[in-house]
Amino acid sequence: MIRTNPAAIWTTPKRIRKGTKWKNVHRAVATPIMRVEMKRRDFSLEISICQIRKIPVWLPEMENLTTLDLSSNALSGEVCIKDMPRLEKLSIMNNPLKAVRVENLPALRICNLSHNRLRKATFRGVNNLEHLRISYNSLRELELKRAPNLRELHISNNQFSTLSLEHLQSLEELDFRKNLIMELPTWLSHLSHLKVLRLQNDFLTDLTKLLSFPHLESVCLQSREFSKKNEKILKELEDKGIEIQFPFH
């Protein structure tokens, strides 16, 4: 194990070697962790709690990078992660980011951008993306046109008033709790593989569209108080074996 200043690896990527680990203990503020695990054909890079402010220009040169974790730093403004052909997992949580672009990552399967300050997120060239978490932001715009393999999408606690996701035909789990959507979108009925739906939204008044999902297994709702019409719909859902959840918070 080599102990050094985090800036050493941040500015000189050529020092990365197989099996090398960097750790710098900053007891006065936090414990920054900078760990590089390299394998014969790929490696992962974790740089968290280091107050990093910018994405390094040399990052796209890491052609064998499969996992990248830049969580709990000081990345702000707009960042772009692109042109990394083997990257499978990306995490940029807990940063003051305002916008993010994820482009040309053909191997990306898992992406977590939750707990930032995002207002806009754009995804292009992520055809193998399966799990996307982008909750607890300030999103009003989400560009996610081509993600044919996306199975889980978590976009709760944002500011979406309108949203169109009918093209995500492989979606099995959707969480859009605590947004500004006033009624169930019509495109929900096009998600024929949807199994888990988390609404948990006080604005929703008509639950009729919930009857149109052939594979639905679980629904999470905010309130137990409904009109007689919606009570009847919930009864029909329960008769189909669909689990209805009412969380306490």
For region 78-182, what is the charge dipole size about the Cα centre, in debye to the nearest 20, if Lys and Arg each add +1 at the Cβ and Asp and Glu each add -1 at the Cβ? 320 debye
Using amide H atoms built in the peptide plane, which far-off residues or other-chain residues are under 5 Å from LEU118 H to H? SER138
Looking only at aspartates and glutamates whose Cα falls under 16 Å of LYS228's and that sit 8 or more positions away or on another chain, we get ASP206, GLU236, GLU238
For q = 0.23 Å⁻¹, what log10 I(q)/I(0) does region 64-144 give under the Debye formula with an equal point scatterer on each alpha carbon and no solvent? -1.08
Per residue of region 73-83, in order, report the coupling 6.51 cos²θ - 1.76 cosθ + 1.60 (Karplus, θ = phi - 60°) as ³J(HN,Hα) in whole Hz, putting x for Gly and Pro. 10, 10, 5, 9, x, 10, 10, 10, 10, 8, 6
If neighbour count is taken as other Cβ atoms inside 10 Å, put CYS220, CYS50, CYS111, CYS80 in order from fewest to most. CYS80, CYS220, CYS50, CYS111
Stretch ARG101-LYS82 to full length: gain in nm at 0.36 nm per residue minus the Cα-Cα span? 6.0 nm
Listed here are the pairs LYS120/LYS209; LYS82/LYS120; LYS89/LYS178; LYS209/LYS235; LYS195/LYS229; which of them are more than 20 Å apart at the Cα? LYS120/LYS209; LYS89/LYS178; LYS195/LYS229
When the label point is put 7 Å from the Cα of ASN149 along its Cα-to-beta-carbon vector, which residues of region 90-117 have a backbone N closer than 11 Å? 106-110
Given Cα pairs under 8 Å that are at least 6 residues apart, what percent is the relative contact order of region 110-249? 15 percent
Beyond 16 Å, how much of the Cα-Cα pair distribution for region 132-187 remains, as a whole percent? 38 percent
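Read-outs throughout are calculated quantities, based only on the coordinates presented, and are distinct from any laboratory measurement. Only a predicted model underlies this, so the values are computations on that prediction, with no experimental measurement involved. Positions of Cβ are generated from backbone atoms using ideal geometry, with glycine treated the same way; all protein chains shown enter the neighbour counts.
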